[in-house]
Amino acid sequence: MGVKEAVVERFANLCKSRGIKINELANLSGVTPSTAYSMFDESRHDVSIVTIKKFCDGLDISLGEFFNSKEFDNLEQELK
């Protein structure tokens, strides 16, 4: 799994555990729903750290809490 996929999986799991949808995550985070949905778009390969931080703020968690998760333990090498 790559970094982007891990980020998406982590947010999906957080939303599921809190019973919220992607659109609600966008509203909580002060970003447009299209920004949230674009992160989940498989054709996009990058997600900005600023966007991750906004989503974390909306979920009231720190970046440290976000990245301290099993999804980030065994990532693929990004250099190809």
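No lab work stands behind these numbers, since they all come straight from the coordinates. The structure displayed is predicted, hence computed values, not measured ones. Heads up, the Cβs are rebuilt from the backbone with ideal geometry, glycines too, and the neighbour counts pull from every protein chain shown.
Protection proxy ranking, highest mean first, for peptides 35-42, 12-19: 35-42, 12-19, where packing is the per-residue count of other beta-carbon atoms within 10 Å, averaged.
Per the Kirkwood formula applied to alpha carbons, the chain shows a radius of gyration over Rh ratio, Rg over Rh, of 0.94. Here the gap between Ser43 and Glu76, fully extended at 0.36 nm per residue and compared with their Cα-Cα distance, gives a gain of 10.1 nm. Relative to the first principal axis of the alpha-carbon coordinates of the chain, what is the inclination of helix 49-59, with its axis defined by its Cα atoms, in degrees from 0 to 90 and to the nearest 10? For helix 49-59, the angle is close to 50 degrees. Helical content of the chain, expressed as a calculated mean residue ellipticity at 222 nm, amounts to -17000 deg cm²/dmol (DSSP H runs of 4 or more residues, -39,500 (n - 2.57) each, divided by residue number, nearest 500).
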